[in-house]
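Heads up: the structure comes next, in C-alpha cells.
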Amino acid sequence: MRLKRLNSFLLSEFFGTFGATFFVCLFVVLMEFLFRYVDEMVGKGLAFSVLFEFFSYAALSLVPMALPLAILLASLITFGGFGERLELLSMKAAGISLTRIMRPFLIVMCFMSVGIFIYSELAIPAIQTKLWTLLYSMKSKSPEVEIPEGSFYSGIEGYNFYVRSKDNSKKLLYDIKIYDFSKGFDNAVVMAADSGRLKSSDDKLSMVLMLYSGESFENLKEQNTSASSVPYRRETFSYKEVLIDFDANFSQMDESVISNKYMGKNLSELTCAIDSMLHHADSLDHAMRVLYIPTYFDRGLLSINSITQYDSLPEYEGYTFEKLTAGLSSNDMMELYKRAVRNANRMKIDIPFVHMAKFSDVKRSHRFDIERHRKFTLSLACIVFFLIGAPLGAIVKKGGIGLPAVYSIILFILYYVIDNTGYKMARDGVWMVWQGVWLSTIVLLPLGLFLTYEAAHDRSINISMPAFLKRWIKKFGKQSEVDSDNQTQN
C-alpha cells in the first residue's frame with residue numbers, strides 16, 4: 001500500500017508537469033514547421049477555416065515529434081524538483097532505490113511508446129495525406145493582387161502594372177500604366193490612365209479593372225502582316241472597364257495524389273512499395289547485364305535478334321562468333337555488321353537512361369524505407385529521452401523551468417543534429433538506411449544508461465566543460481604516474 005501511494009504521488013507529479021510541457025513543445029515544433037511554409041500562406045487571401053484546418057493537421061502530424069521532447073523536459077523538471085525539495089533523498093533514506101523510483105515511469109513510457117507507434121501507424125498516414133494535400137493546394141492558389149507603389153507588378157500572368165501612388169481609403173490607384181501581353185508580345189496592349197480601381201468579380205474567377213481618363217494603344221498584327229507595316233488602334237476614353245482572367249478561388253486537389261507518396265502510407269504499404277521499387281530496379285539491372293553487355297563483348301558485331309534468343313549471359317557465352325556466322329555470304333556479313341553497329345549505337349544511348357531509372361527507383365526506396373524506420377525510432381525515443389531526463393534531473397537537483405529547459409534544448413539540438421545527419425546519409429545512399437535512421441538512438445541510448453547508472457550510485461556529475469576536462473586530465477595524469485612507476489620498477 002505504501003508503494004502504491006508512492007507510485008501515485010510520483011506519477012501525479014510527473015503528469016501535472018507533462019501536460020504543460022507537451023503543449024509548449026508542440027507549439028515550438030509547430031512554429032518551426034509553419035516557419036518553413038509561411039510563404040505559402042501569406043498574401044493568398046485564404047479563409048480562416050482553411051488556415052485553421054491546416055494548423056490542426058500540422059499539429060496532429062507533429063505529435064510524434066513533440067512527445068519525446070515533452071517527456072525529456074517533464075522528467076528533468078520532475079526529478080529535479082524531487083532532488084531540490086529533498087524528496088528524492090527521503091525516498092532513498094527509506095530504502096527505495098532510484099531504479100525502483102523510476103520503475104512506474106518506465107512502465108508508463110513503454111505504454112506511451114506503443115501508443116505513439118499505433119498512432120503513427122493508423123492516424124498519421126490519413127493526417128499527412130490531408131495536410132500535404134492542403135499544402136499543395138495552397139501553393140497552387142494565386143496570390144491576392146496587391147499592387148505596390150512606384151514599381152512594376154507582374155503577379156497576374158500576362159500583365160505588368162505600374163502605379164505611382166494609392167489612396168487606400170478610397171481604394172483608388174493613380175497614374176496607372178498597364179502592359180497587356182496576354183495575346184502575345186506582337187499583339188501587346190498598352191493602357192495609361194489618370195486613376196482607376198481594381199476589384200474581384202463576384203465569382204472570383206476574374207478581376208475587373210476600372211480606368212478613368214486615359215488612352216490605350218493596341219497592335220493589330222496578323223501572321224501574314226510584314227514587320228514594316230503593323231497596324232495599331234488608339235483609343236481615348238473617360239471611363240473603361242477591362243476584364244482580366246484571374247482565378248482567386250481556393251480549390252483543394254485530389255487526395256489520391258498524396259496517398260501514393262511515402263507520407264500517406266502505413267507500415268505494410270511502405271514495405272510493399274519498397275519491394276516493388278527494388279524489384280523494378282533489379283529487373284533493369286538484369287536487362288542491362290543480359291541484353292546490353294553481350295553486345296559489347298562482341299564489339300557490336302551481333303544483331304539484337306541473335307542475342308535475345310538466349311535467356312542469360314552464361315548460356316550465351318557457349319556460342320562463339322564463328323558458330324553464329326557460319327555459312328553467311330559476304331553480303332550477309334556486311335549487312336550483319338551494319339545492323340550490329342546500329343544496335344550497339346542505340347544501346348549506347350539507352351544505357352544512361354536505364355541507369356537513371358534504376359537510380360531513381362533506389363533513391364525513392366530509400367525515402368520510403370526511412371519513413372518505415374521512423375515509426376520505430378520516434379516511438380523508442382520516448383524511452384530514450386526519459387532515461388536521459390530522469391537521472392539528469394536527479395543529478396542536477398534543480399526544478400522549475402529554467403535550468404531543465406536549458407538542458408532540454410541542448411539535448412534536443414544534439415538529437416536533431418545527429419538525426420538530421422543520419423537522415424541525409426541514408427537518403428543519399430552513403431549509409432544503409434537503418435544505420436542513418438537509428439544513429440540518434442544508438443548515440444543517445446548509451447548516454448541515458450550511463451546517466452542512470454551514475455544517478456543510481458549517487459555520483460555527482462559536473463556538467464560544465466572545464467570541470468569535465470579537469471576530471472579527465474586528472475584521471476589521465478594518475479594513469480601516467482602509475483605507468484611511469486611500473487617502468488621504473490622494471
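Fully extending the segment from L267 to I442, taken as 0.36 nm per residue of separation minus the present Cα-Cα distance, adds 60.8 nm. Gain on full extension, evaluated as 0.36 nm per residue between F15 and S169 minus their Cα-Cα distance, stands at 50.1 nm. Note that the stretch 90-102 has calculated 3J(HN,Hα) couplings of 5, 5, 5, 5, 7, x, 9, 6, 5, 5, 5, 5, 7 Hz, one per residue in order, obtained from phi through the Karplus relation 6.51 cos²θ - 1.76 cosθ + 1.60 (θ = phi - 60°); glycine and proline are x.
Applying 1/(1 + (r/R0)^6) with r as the Cβ-Cβ distance of D285 and R346 and R0 = 30 angstrom yields a FRET efficiency of 0.95.
Amide H contacts under 5 Å for K183: none, restricted to partners 5 or more places along the chain or on a different chain, H placed in the peptide plane at 1.01 Å from N. Counting 0.36 nm for each residue step from V24 to D332 and taking away their Cα separation leaves a gain of 102.8 nm. Treating r as the C-beta distance of S213 and L51 and R0 as 51 Å, the FRET efficiency rounds to 0.80. Take the Cα of E241, go 7 Å toward its beta carbon, and the backbone nitrogen atoms of the stretch 158-184 under 20 Å from that spot belong to 171-173, 178.
Amide H to amide H, with H built 1.01 Å from N, N266 comes under 5 Å of no residue 5 or more places away or on another chain.
Read-outs throughout are calculated quantities, based only on the coordinates presented, and are distinct from any laboratory measurement. None of the values given here were measured: they were computed from a predicted structure. With ideal geometry, Cβ positions are generated from the backbone for all residues, glycine too; neighbour counts draw on all protein chains shown.
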